[in-house]
Every structure is written in structure tokens, then in C-alpha cells.
Amino acid sequence: MKLRKQVTVCGGAIFCVAVFSLYLMLDRVQHDPARRQNGGNFPRSQISVLQNRIEQLEQLLEENHQIISHIKDSVMELTDTGAVSPSGHLPFRSANGSWVLPFDGRPTFLAVKPQDCQLAVGNGDQADVQMLDVYSLLKFDNPDGGVWKQGFDITYEADEWDNEPLQVFVVPHSHNDPGWIKTFDKYFTDQTQHILNNMVVKLAEDPRRKFIWSEISFFSKWWETADIHKQEAVRKLILGGQLEIVTGGWVMTDEANVHYFAMIDQLIEGHQWLERNLGVTPRSGWAVDPFGHSATMSYLLKRANLTSMLIQRVHYTIKKHFASTRSLEFMWRQSWDTGSSTDMFCHMMPFYSYDVPHTCGPDPKVCCQFDFKRLPGGRINCPWKVPPKAIVEANVAERAQLLLDQYRKKSKLYRSKVLLVPLGDDFRYDKALEWDQQYINYQKLFDYMNSHPEMHVQAQFGTLSDYFNAMYKANGVAQGSRPADFPVLSGDFFAYADREDHYWTGYFTSRPFYKSLDRVIESHLRGAEILYSLAVANARHVGMDGRYPVSDYALLVDARRTVGLFQHHDAITGTAKENVVVDYGTKLLRSLIGLKRVIINAAHFLVMKNKEFYRFYQTELLSTSLSSQPAASSPVSILHQPLLMTYFSPPLSGRYLVLFNPIEQERLCVVTVLVNTVRVRVLTEDGQTLPVQLSAQWSSASQMSAEATFMVRLPPLGLAVFHLYDSPDSPMTLRSDTLLRLSGRGVTARAADPLPSIKRKDDPQEVKVQMQFVVYGTRPSKDKSGAYLFLPDGKAKPYHQKESPAVRVVEGPLFSEVVAHYQHFQQTVRIHNVPGVDGLSADITTTVDIRDQTNKELAMRLVTDIQSGDVFYTDLNGFQMQPRQHYLKLPLQANFYPMPSQAYIQDSQHRLTLHTAQSLGVSSLESGQLEVIMDRRLMQDDNRGLGQGLKDNKKTVNRFRLLLESRSTVDTIVLFPSILSHMTNAVLNHEVLALPVLPKRRGIPPLQTFAPLKSILPCDVHLLNLRSIQSQQDPHSPSPYTALILHRLALDCGLEAQNLGFNCTTTQGQLSVSGLFRDLDLQLLQPMSLTLMHPGTPLANDSSLSLDPMEISAFKLKLR
């Protein structure tokens, strides 16, 4: 006891010294005339505000002094009475100045079985074509290819088709963007509804006519307004094979910036709509407009039971290479697959675009003459100055021969004598006249070709699956199987360039505010789905089916569809018109408010001790940052709030706080709430006092309010209850030490690096990490950067400002942070003093505001001494890692890649991972570097159809975690994150949601922690979603069934294992669902395809599921 008193007194003395130093520093700042003349970053008006704040700080410091004495007395008292905190001591400072926390001391273990690492060290890649090898091989020199500018001359022998005629499938299509130049609703009103109305009439006129449709967001809106006769006509057209729904997602999703949670969710939403309304199961994928293609998409389509897919926007040099080796059709295999279970048949279109001039063959001047919408007298014509001619008896022979020549040349690029010829463009077929122009003229050409056997061709209209079926048949294989000698490919198709050095790598960052908002809403959507499903199942279990508000289901459906809409390749990409972006933002905000309501209502029901007292009122028990904070009416203020923006007003005796942990493992972390008193005390449900760190919440360099931070242990997917109250006597509540350094003379940003080096406590080796900020300009020539393109004016230049930044250092028992305020950004680096995942990485938040800049892009560059060479790793859609190589033969902009969730560099000793909460563009331009583009402000269009620059920038918070890991084995290069890295990403992307309990006049009903899992999930299994399935009768109410979607993570076990703060075990992919949920009975367990369309055989309820590493699987459950 004597030792403890000495330590406490010693700690108090150190604290006093720190406080006194701070006082002297502030005093000097206030009275130093040189500094006051200089004025630093602040105008004079702000200096007086700052002086007031400093006086307040002095007052607080005086109180601090009293609190230190009080703590000392309390400790003596506590020691005498034996009343101690849970672990027997208060937070104190050790001899080296670092804080030691009272901790519940529960032992945790890490038990990853060696078999669960086998995938990582196995030889995964059995592909014939590896995209990294293709990049190494090609020169990217772009010689002139003649009529096919980016290709080569194609020749053929006249008798090549004598034995096997050429089969041609002309596939009419209309590419409908759910928002781009116009909003989703305006496009629908002006064009889309007319396309679909005409389709019903015009396809019925001739059974040989075919059409394909992709975007269910538009189709469902049209269906709601269509009368019963139109609906029946559509069913008949689908049944007769004239109309095919391709892919069937809510949108044609972007593939660079999207997270796999949202990719799957929009696919499920589209497929569920199709199943309920049309009874249709899509067979073929169609992606003609996403700006580059991800291997994740082919995996998801495979898991949804599609058999074939098509892609279009691929680098022109790669298209040329694939055309020359006749590899444009291939089996796309995932990089980790040691067999062929992930193989997906993929068709790559060979030419520049998906429009008519670039789809019939290599010569656009000829193909344009067969786009009959461009007949003379219309609104659009052929840029090559040779117009189309209507087909009449006098010219049909010559026209058919000219078109057949193009068909034959195109078919020489493929391995089979079956040819796909798309016929369409953006928002085509919106007028009845165009249907007639295209279909009637083409039918005349087909009739002529087919009636002349010497032409050796069979031409017809077809759907996408008509083409694929004929191709499989010609090769003598089953649908989706690999035809003999067709290549197997692994890798992806980023970055995309459509001509010259015009790389579409700008959109990886464009409009980062909305990319960030998207992920916040995705996390809320997943949380709301899980809590809603659990609340409904628990209500059924206790016989309260009718009492739970199933009306909330409509809010879930609305949010699914809004998030789905935003995954469109002109939405999350940041490549739509300003008013369209505002429309997306408004829809997203409305959904976020709806999701918060779903979460509140579900949490309210689940934490009530006695469910009999549950009544659903609009004036609910719980609140969130949104409903309690009227100022938060715009997305800007939502994203700029800390975790919780609720002031706890007196009397604090009645304030409860419910915390929701959306991840499937127990979570030990710090939570921060804003408070209006410094005398706050936090208790757990069973009355234990938690250590609290009080600090200032700075809304700017000179404005602050109080916040309380405390450490909690939360159950997986659970809701924990805490009690906060105003207590003058709380020895466990400690204040942060704050040091403030104001601006001095001109130094560049690099001089005040908040992160000179990092090392882990347990690792003697230090890794130097310097954080720099650099700026890219754009070219002086005619082609400049815009929403799509990144065309820099050379290497980045260091960010420079006249004054050095104002720097604030906060230190305390739970966290310490350094905050640097620059003119265009504010950089915060925070370290948590918490055992487990939260304490093992540095938390980096960068608030960027470049609204006063012109043609500038701000980047954050990490410079380290890791010997990474020219190789770095980026993720695809938060699902898998992809190795990248920096090539000097490519322009600087070609070396940037999307980073939806993480990127890392490594050598034989260390791996440094930058985890991100929003998708941004990333590169490694030198060994040991990682560079992220934070925001871009561009004043001009980049000639890709948008007609605008990027001038609607917002103040944007970019959030990261920087994780340094040591290698324990050096035997192999591994393409997977460690278990710690997976968990770090989960905690960054799924923040704890704080729900304050509103005080009620009649008092609060008894609340209890809700822990839904009876057994712990293996820590390499991620619960992707627990989604209530729609009722077949009413789309706005739930059925009794729930979709459980699981992803088994693949692990790199060659990095040193850390204490994760929870019990982590793996089970070789074995999982029992019947024993998973507490107090719920499992009445059905049925494997399903990923989008729930194809049912498997139901399993016995006590069956053990088996998942392979990287596998995503869906199951239909009935819980009650």
C-alpha cells in the first residue's frame, strides 16, 4: 500500500510539473510581442478569442491542481476502506512517463490453427495469363494501327468459313445511367420510360426481334407505373426469349471504389426484385461502362450462379495484346484458387467503345454506316463523314457484303466462329422511329445474308445468352465450362486508359466527401440489417410478432436501394454533374436518417429487460447523434461530428448510454462522447466505475468543448448499457495534458511532421515513417485533369505555407494525440493506450479543405525505410489483395490504383499497412513509399462527356489506421492480411454506434446488455450481413426468413501474432449455426446462391457449415 501511495504522489507531482510547464508556455504565448505581431494562422479577431480560451484553460488548470490533491486523498481513502476499482488500482504514470491503466485483466488467447494458413502459403496461381506478367511484357508504345487506330490490320482468307459458317448475334441494347448528366428521376421521365414503353410494343411486332436490359433501378420504377397488360407483355417477351435481363443488379456497379458489401447488396436487391416480380434468374453479366474491371465482380457473379460475363473498358494496349493472341475470351480465375472452382467465362469487347461505330468490326467509318439512327435528317450523324443508307433492294447486296467484311474481321480476333455484335449506345431506342430504323434495316440485311449460302453466314438478332449458348455449343461444352484451349486468366484490369496517356485514375479520388459518406451509410445499413433481423426474431421468440414495428422494413428497403443506386459507375466515382451529385447526397442523407430510426427501434426493444413493457412509440427511448442534434441536417455536419454529438445535460443521474458493436467479435475499445460537465462518471451495467479521460473537443484551432473518453468491452454484434452521471467525486476521471504551439516563422509543412517514426513497444527495431504532404498540378496543354482523368504536370511538389502550423499535443491515460493545423488541412495522429486491436495501430484523421485552390490535388505521402522496391499491394473492393508494380515505362498517372480499404508495402522484416475508411487513389512511386490522393479541385472538363470540372469540393474528413507488423517467417510472399490487419480494418470501417437514452418523466424501464451470440464465431469468419428477406406478397414487409451471408477470411500467419484483446480461434472453416444465436431456435438452414435465387438442399438444423478460405456463402435461415 505504501508503494501505491508513493507512486500516486509521484504521479501527481509529475502531473503538476506538466501543468505548470503548460501554464508557462501559455503565458509566454500570451505575452510574447513578437509572436503576437506575427499573428500566426489567426486573424486579430481570432487572437482575442484564443486569449479568452487560454484564460479558460488557466482556470481549468487551477481546478486540475485541486483534482490532483483530491485524487491523492481519494486514493488514501480507497486504500484504507478497501473499496477499489475493478483491477485494484487507479490509472497511474509509470517511471518512464507512460500511463498504466486499470484493466479487467481477462486473459485472451490467439489460437489460429496452422491448417487455416495453408491457403496463404499454397501455390495459388495456376493461370495461363497473369495480368502482372502482361504488364511486364508490353511496351505500351501505341503505334498507329490503321483504320483500327489502337490495333492492327486484320486479314482473312475468303474460304475460312466454307466448312463452318459464321454465326452472328446482333444484340440490341440501351445503356441507361441511373444518374450522370441528369438525375435518376429526370432520365427516367425524359428517356427511360419511353425506351421501355416502346420495347413492349416493338418487340411484339416481330418474334425475331431481341433486346437486353441491365439496370433494375430503372426497370422497377417503370414496372410500378406500368399497367397489368404491359406487365403481362413483358413476362411473355422474357418467356419467349426476346427480352433478357443481363446481370440484374440494381445498377451496373462501379468496380474500383465500391466495397464488396455494397456490390453484393445491390446485386441481391436487383435479383430479389426480379424473382418476386418476373420469376427471372439472370445467366449472363453485362458491364460495358465501368472504368476498369475488378476480379471481385467475376467472383460475385460466379457465386450468384451466373455462367458468363462481358467486359468492355480495358486499357487499349491490353485489348490489342489479347486480340493479337486471340485471348479476348478467357476463364477468369481468382488468384487464390488452386483448382478451377472460381472460373468464370469472360468475353472482352475488342474496340474503343460500346457504341455502334466500335462494335461491328475494326473500322468505325464503316460501322457507323450501320447505325441507322444516324440516317440523314436525324439529330446525330457520323463523324467520319459517310452517312448510313436505308437498306433497299438495290443496295442490299453491296451493304451486306460491306458489313459481312467487318463481321469476319472482328471474328478473327476470337477462337470460335460465333460472333457477338452489340447494337446500341447511351439511352438508345427512346423513340419508336429508332426501333423501326434499326430493326427493319438490319432484318433486311440478315434476310439477304441468310438466303445466300455462298456468304457462309447465319446472322440474327440475339440476346447476350443466345450468343454465349451458341458459343458453348460450337465448342461442345456445357454452359459456363471452359472450351478446349481457351486461356485461364488471373488479375484485374486497372488502370484503364482509352487513348494516348489518358489514364482514368483521377476518379479513384474524385469527390472524396461522398465516397466517405457512402461507407458511413454502408456501415449503418449493415448494422441496421443485423439489429432488425435480431429484433424481429426475438419478438417472434417471445410471442410479440404483432408488437414489433415491421413498418421499419420499408426504411431498410429504401436504404438498400439508395446505397445500391450510389454504387452506379457515375455516382460513387464522383463523375456526375453537380446537381446530380446533390441529388445522390440528398437521397443518401434521407436513408441515413431512416437507418438510424431502424437501429434505435431495434436497440430499444433488445435492451429492455422486460419485453412486456415494450411499447412502440414515435417518441422512442433511444436517440442518436442525428435526432438529438438539429444542427446536423446536412451530410457535411454529420460526417464532421465525432462518434456522438449529444450533450449530456443535468441531471446526469438519469442518463444511460447504449453502445452497439457492429462487428462479430468482442471489442475492447475507447468511446468518446461530448459532455457539458467535467465531473462525469461512467459505470458499467453492474456498477463498476470505468476510467475516463477528459479532453477538449476542438472544432477549430481555437474553439473547443469538453469530451469524455472511456474504455469499454462490448459483446459481439451486441448492445451494452452504461450509466453516465454528474459526480463531484470521481477519482477515475482524469484530464488530458494539452500543449499548444502556435505559428512561428515560415517553414514548410514537412518540418512539423507529427509522425517522425513509429515502433511497437515490443519490437526493438524502429521503422522510420515520415509523413509528407505534396501537391500535384495539371498540364498546361489542352488535355487537363478532370473528374475522370489524372494528367499531372510532372512530379508532386512539397506542400508549402508561409507560417508553420499550430500544433496541439494531448496526452492522457487512454489516448494521446498530435494535431497539426495547416491552411488546407488538419492532421491528427492518435494512439490509444488500450490492450488489443485498438492500441496496435495509429489512428490518422486528415480533414481536407482545398476550396480556395485552382487545379490542385493534395496527396499524403508516407516515406519509410522499408525496402519494398517497386512492388506494393492494394485491395480490390475490400475483398482481396492485388500485387502492383510501379513501372517507369508508364506515365506517373498510370501507376495509381484504387484503394477501397487498404494498401501495404513490405520487405523481409516488416509490413506497413495503411487502412482507409473511404476509397481513394494510391500509389508507391519510390521504394518504401505509399502515397494517397486526398482531394482534387479541377476547373475544367476532361472531354469524357461530363461537361464540368470538379469545383464542388467540401470540407472532407479522411480516416486511416496505420499498422506496422513484424514478419516472423520469410519463406513466402503472401497476398493476404494478417488477422490483426483484418480486425483493424473492421474496427475502422464499423465504428461503435452510441445511442443515448432519453430521460423520461416516468423514469426509464430497466435495461440490460444484449449479447446475441451464444458461441463465439471463428475469428477468420466475417458476418457480412444478416438480412431479412422480403415477403413475396408485400415488398415493404419481411418474410419469416433471414439471409446469413458469411465470408471466410484468408490469413497471412507469417506476421507476429499480437494480443487482439479478445479470444480468437479458428476452426478450419467449420461453423455451427444452431448454437450461434442465444435464445433463438433455428427452424431452417438452407444453402443458397449468393443472391438467394438458387436454393440448395436444406441441411439438418444441427449441421456444421464448412467454408473454404476466401469463400463467400449465403444461407437462408428461419429464426424464432
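Would you mind working out the magnitude of the charge dipole of the range 138-291 relative to its Cα centre, with +1 at each Lys and Arg C-beta and -1 at each Asp and Glu C-beta, to the nearest 20 Debye? Intermediate results must be reported in sequence, preceding the final value.
Working: 14 positive and 24 negative charges, 151 e Å.
I would put it at about 720 debye.
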Notebook entry, point to check: By its C-alpha gyration tensor, with a ≥ b ≥ c as the square roots of the eigenvalues, how is the range 1008-1120 shaped: rounded for a/c under 1.5, else prolate for a/b larger than b/c, else oblate?
Noted result: prolate
Check: For VAL970 and ASN610, what is the calculated FRET efficiency with R₀ set at 56 Å and r taken between the beta-carbons, to the nearest 0.05?
Finding: 0.45
Notebook entry, point to check: Under 5 Å between amide H atoms, partner at least 5 residues away or on a different chain: which partners does HIS315 have, H built in plane at 1.01 Å?
Noted result: ALA497
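Rank these residues by their accessible area, most exposed first, probe 1.4 Å: ILE593, ILE600.
Details: ILE593 85, ILE600 5 Å².
So the residues, ranked largest to smallest area, are ILE593, ILE600.
Using 0.36 nm per residue of separation minus the Cα-Cα distance, give me the extension gain between THR338 and ARG106 in nm, one decimal. Show your work: numbers first, answer last.
Details: separation 232, 0.36 × 232 = 83.52 nm, distance 4.03 nm.
Contour length minus Cα-Cα distance gives 79.5 nm.
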Notebook entry, point to check: Residues with amide H under 5 Å of ARG884's amide H, sequence separation 5 or more or different chain, H placed in the peptide plane at 1.01 Å from N; which?
Noted result: PHE872, TYR873, THR874
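Would you please give the FRET efficiency between ARG379 and ALA204, computed as 1/(1 + (r/R0)^6) with r the Cβ-Cβ distance and R0 = 35 Å, to the nearest 0.05? Before the final figure, lay out the partial values.
Numbers: r = 27 Å, r/R0 = 0.77.
E(calc), rounded to 0.05, equals 0.85.
Rank by packing, highest mean first: peptides 369-375, 498-504, 1052-1058, 898-904, with packing defined as the count of other Cβ atoms within 10 Å averaged across residues.
Numbers: 369-375: 22.1, 498-504: 18.0, 1052-1058: 20.1, 898-904: 26.4.
Descending packing order for the listed peptides: 898-904, 369-375, 1052-1058, 498-504.
Got the relative contact order for the range 480-629 handy, in percent, Cα pairs under 8 Å and 6 or more residues apart? Let's see the in-between values first.
Working: 114 pairs, mean separation 40.9, N = 150.
Relative contact order of the range 480-629: 27 percent.
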Note to self: Which residues among the range 879-894 fall inside the zone where the amide N is under 18 Å from a point 7 Å beyond the Cα of ASP793, along Cα→Cβ?
What the structure shows: 892-893
Next item on the list: Enumerate the calculated ³J(HN,Hα) couplings along the range 836-853 in order (Karplus 6.51 cos²θ - 1.76 cosθ + 1.60, θ = phi - 60°), each rounded to whole Hz, writing x wherever the residue is Gly or Pro.
Entry: x, 3, 4, x, 9, 9, 8, 8, 10, 10, 10, 9, 10, 9, 10, 5, 9, 9
Notebook entry, point to check: Assuming R0 = 35 Å, what is the FRET efficiency of GLU766 and TYR887, from their Cβ-Cβ distance, to the nearest 0.05?
Noted result: 0.65
Checklist line | the range 530-541 - phi-based ³J(HN,Hα) in whole Hz, Karplus 6.51/-1.76/1.60, Gly and Pro as x | finding: 5, 5, 4, 4, 5, 5, 5, 5, 5, 5, 4, 4
Margin query: Rounded to the nearest 10 Å², what accessible area does ASP1081 have for a 1.4 Å probe in the complete protein model?
Written below: 80 Å²
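Multiply the residue gap between ASN163 and LYS365 by 0.36 nm, knock off their C-alpha separation, and tell me the result in nm, one decimal place.
Values: separation 202, 0.36 × 202 = 72.72 nm, distance 3.06 nm.
Using 0.36 nm per residue and subtracting the Cα-Cα distance, I get 69.7 nm.
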Item checked: Packing-based ranking, highest mean first, of 1026-1037, 465-476 given that Cβ atoms within 10 Å are counted -> 465-476, 1026-1037
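For a quick protection proxy, order the peptides 583-592, 450-459, 345-354 by their average other-Cβ count within 10 Å, most packed first.
Values: 583-592: 20.1, 450-459: 15.8, 345-354: 22.0.
Listed from highest to lowest mean packing, they are 345-354, 583-592, 450-459.
May I ask you to compute the full-extension gain from HIS541 to GLN1086, defined as 0.36 nm times their residue separation minus their alpha-carbon distance, rounded to one decimal in nm? Walk me through the intermediate numbers first.
Details: separation 545, 0.36 × 545 = 196.20 nm, distance 2.02 nm.
That works out to 194.2 nm of additional length.
Would you mind working out the magnitude of the charge dipole of the range 898-948 relative to its Cα centre, with +1 at each Lys and Arg C-beta and -1 at each Asp and Glu C-beta, to the nearest 20 Debye? Write out the running numbers ahead of the final one.
Details: 4 positive and 6 negative charges, 27 e Å.
Magnitude of the dipole: close to 140 debye.
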Next item on the list: Classify the range 130-242 as rounded, prolate or oblate from the Cα gyration tensor: take a ≥ b ≥ c as the square roots of its eigenvalues, call it rounded if a/c is under 1.5, otherwise prolate when a/b beats b/c and oblate if not.
Entry: oblate
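Could you sort SER1113, SER1072 by accessible area so the largest value comes first, with the probe set to 1.4 Å?
Values: SER1113 10, SER1072 50 Å².
Ranking SER1113, SER1072 by accessible area, largest first, yields SER1072, SER1113.
The values are calculated or read from the model by the stated rules, or taken from the named source; none is laboratory data. Since the model is a prediction, treat every value here as computed from it, not as a measurement. Cβ: placed from backbone, ideal geometry, glycine included. Neighbour counts: every protein chain shown. Ligands, DNA and RNA are excluded from the accessible area calculation, which covers all protein heavy atoms including side chains. Shrake-Rupley method; radii C 1.70, N 1.55, O 1.52, S 1.80 Å.
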